[in-house]
Structure formats: C-alpha cells, structure tokens
Amino acid sequence: MDGKNFGLSCSLGMEDDSLNLSRFLDKLFREWEDRKARGLFHHDISCCETKVLPGERNFVATLIEGRDQKKRPTEFGMNQVLQPFDSGKFNFTKVRPEEVIFRFCETDKDSAQYFGGAPDTISASSSAILINVSPIGYCHVLLTPKIQDCLPQRIDEESFLIAMYIAREARNPFFRVGYNSLGGFATINHLHFQAYYLKVPYPVEKATTEKLTTLVNGVSISQLVDYPVSGFVFEGGASLEDLSDVVAKVCIFLQENNRPFNVLISESGNSVFLLPQCYAEKQRLGKASQEFLDMRINPAIWELSGHLVLKRKKDYDEASEPNICRFLVEAALSETEFQELKRCVLDFLTVSDACNLDIDS
C-alpha cells in the first residue's frame, strides 16, 4: 500500500471480517452505521482520502479538509493538566440522545449481556459510548465513564479499567482505545476515551522497544527506541487488572505533576503505550515551528501513534515520512527531558512496588 491511496472500506476489510467480529464489535459497528445513515456526522469518513506513506514506518495520513473548523472548540487553557469540571461549558451530558450508542454498567456476571430497545436517555449509574460527530476513522466513538458524574478529564484507576475492558471486549487488534490529557490535546474537559477501527498497524506498534524493568506483579515496562516520540510500553502482568492498575498509577503521577500525556491501549488491552508530550507548551511559549503551526495538526494520541489527520490538500499531497518525523520530534520531549521523566517514573513505581509488598506481607 506504500504511497497509494486506498478507500477506507477496503483498508478496513469489513466484508472479510464480518464473520470474525466479537459480539460487542459487531453490535457497535451496526449501531455506528445506523448513525451514519441518519446523517449525524459532520463529514463522511468513507469519502475522505487516506494513504499509507512510503518509508520504513508507514505513517497513515487522512485528509479531512476543514475538520478543525467543524469540531467542537477547546474551551479551557492548555497549560494545566488538571482542571475542574465546568458545567457551563460543553460536556457530554449535552449531546443529542441519538448520539448515544450504548449505555453500560458493571454486573456480577462474568459474561456481557446486550439488551435491545433501551431508551436513549442515560441513567445516573451508567457509562456510555457515543459517536464522535467528527470522526477520523471507521466507528470513531467516545467512551464516557459514569457520564452523569461529570468527571473532569483526568485518569483514575476505575475509569481506566473500564477503557481496558472495552479494548478486551472488542477482541480485535485493529480497534484501539486512546486517551488525551488536558494539555495533550483533549478538547473537552469531561472524562472520555476515544476508539476507532483501522485495519493497518500503527507505526508506534511496530517500533523497537528496550526493556526497563519488571514489577513484582509481572508487569513489564519498556521504552520506545528509534521512534520520533519517546514513551513507555506496558505489557504482561498476572491479569488485565494488574496491567491497568500500573498504567493508571503512572498516568495519575504524571497528571498530578502537570505533565501532559497520551495513552494508546493496543492489542485488545494486552499492550499500553504512554507518550508524554510538550507541544502545547511550545505553542504557548512561541517555540513551535511556524511550518507545523500552519498545518494545524494537533498531536493527540492518534497522531503520535502514526495516524495523521491533515486539513489542507497541499499538506496531504506533500506528506512524507521525513516531514512527519520532524513534526513528531517537535511534539515530543527532548532526550534529556525524557530521561529525567523516566527516572522519576521508575522511582515512583519502585516506591509503589515496595508499598504493595508491605501490604501483601
């Protein structure tokens, strides 16, 4: 596919995959297609040009002209990762009822159950999956844990575990779940994750890694090597809950220290990428390259992972692996900054591991 346009319907291979989808993903696709047929999206993603760029990494570029003008505007400052929820600004309790695809909550049963004909309103106890009205990929949705609790955009252990469960329930490596912190190009300060389906590997998923340590619960922590964005990779553990707990703890550590970050939940919850960044800070200080400012790319989790959404035909036609790498390097921490952050994170986890050993003993 190098250097060639391909229709998203072909790249997704929906016809080939329809018999192999999990029950959850099959239902999600059908409901998303229903909302598309009703004309609820700002654009038809199946009509947007997409290509895999030639080169070693195979970055994916999608052209959605004017998407930044159509999507909901950011209504908060980008210099603070933790900010209080503001009911006066847009939040997901204000979406149209038809934008709600699923409502769900925890049960005592081991298997998932699905009920048809549920009302559009969202109950106080439930989490929800909503359509993203400005999609960048097939079945682009928003996961909103405990939506009526009006939680701000900040990670906690329980909400992150819900996102991990959704990734596991999909049982498909091409359906990834992502998270953007405030300052990491989240645009709504109401707790949410994103997810969509793209049947190509993300460049970050193919990147070389170097192991840093293994915790007492078996969770392995590595760092990305020879990728434009520095970051951590978490895998293993005795259970999905163990893996989720470690990643959530590191996210909480970062947000409490006002460090913007992005998260990619990959391989049905078996692998998690945590990517700290500083592009909003560079913008605020006037240190961002004008070349990339003119392109109006916001380096959120999908961009950092290797799927770039471009808003101008010129940028799409001229997109190349070297230019994308230069942009991602600008968004990422410097080598010195990442090494210092890595030291702090590993020190934090060492103390946390010691505390867990004391509790277990």
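Of all residues in segment 182-221, those satisfying the criterion of being among the β-branched types (Val, Ile, Thr) and assigned to a strand (DSSP E or B) are THR208, THR209, THR213, THR214, VAL219, ILE221.
With the requirement that a residue be more than 13 Å from LEU182 (Cβ to Cβ) and not polar (S, T, N, Q), what does segment 239-255 give you? Answer for segment 239-255, where residues must be more than 13 Å from LEU182 (Cβ to Cβ) and not polar (S, T, N, Q): LEU240, GLU241, ASP242, LEU243, ASP245, VAL246, VAL247, ALA248, LYS249, VAL250, ILE252, PHE253.
Residue-level analysis places LEU224 outside the set of residues that are closer than 24 Å to ILE64 by Cα and not in a loop (DSSP other than H, G, I, E, B). For ASN217, are the conditions met, namely being in contact (Cβ under 8 Å) with a residue 60 or more places away in the chain and of a type outside the set (Val, Ile, Thr)? Yes; evaluated as a whole, the condition is true for this residue. On the stretch given as segment 181-204, residues that are under 13 Å from the mean Cα position of the chain (by Cα), open to solvent by 10 Å² or more (accessible area, probe 1.4 Å) and closer than 21 Å to PHE232 by Cβ total 2. Pairs meeting the criteria (first residue in segment 330-346 and under 30 Å from GLU291 (Cα atoms), second residue open to solvent by 40 Å² or more (accessible area, probe 1.4 Å) and assigned to a strand (DSSP E or B), beta carbons under 7 Å, at least 6 apart or on different chains) are lacking. For segment 208-228, the criterion of being open to solvent by less than 50 Å² (accessible area, probe 1.4 Å) and under 16 Å from THR144 (Cβ atoms) is met by none of the residues.
Results for (1) in contact with a Phe, Trp or Tyr (Cβ under 7 Å, 6 or more places away or on another chain); (2) modelled with pLDDT under 95; (3) on the phi < 0 side of the Ramachandran plot; (4) crowded, with 16+ Cβ neighbours inside 10 Å, shown as yes or no for each residue.
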residue	(1), (2), (3), (4)
LEU274	yes, no, yes, yes
ARG296	no, yes, no, no
PRO299	yes, no, yes, yes
SER305	yes, no, yes, yes
VAL329	no, no, yes, no
LEU333	no, no, yes, yes
GLU337	no, no, yes, no
LEU357	no, yes, yes, no
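Summed over segment 253-300, residues that are in contact with an Asp or Glu (Cβ under 8 Å, 6 or more places away or on another chain), of a type in the set (Val, Ile, Thr) and not in a loop (DSSP other than H, G, I, E, B) total 1.
Scanning segment 301-325 for residues that are farther than 21 Å from HIS43 by Cα and either part of a loop (DSSP other than H, G, I, E, B) or touching a Ser or Thr at 6+ places or on another chain (Cβ under 6 Å) (or both) yields GLY306, ALA319, SER320.
The values are calculated or read from the model by the stated rules, or taken from the named source; none is laboratory data. This is a predicted model, so every value here is computed, not measured. Cβ coordinates were reconstructed from backbone atoms using ideal geometry, including for glycine residues, and neighbour counts include every protein chain displayed. Accessible surface areas use protein heavy atoms only, side chains included; no ligands, DNA or RNA. Shrake-Rupley method; radii C 1.70, N 1.55, O 1.52, S 1.80 Å.
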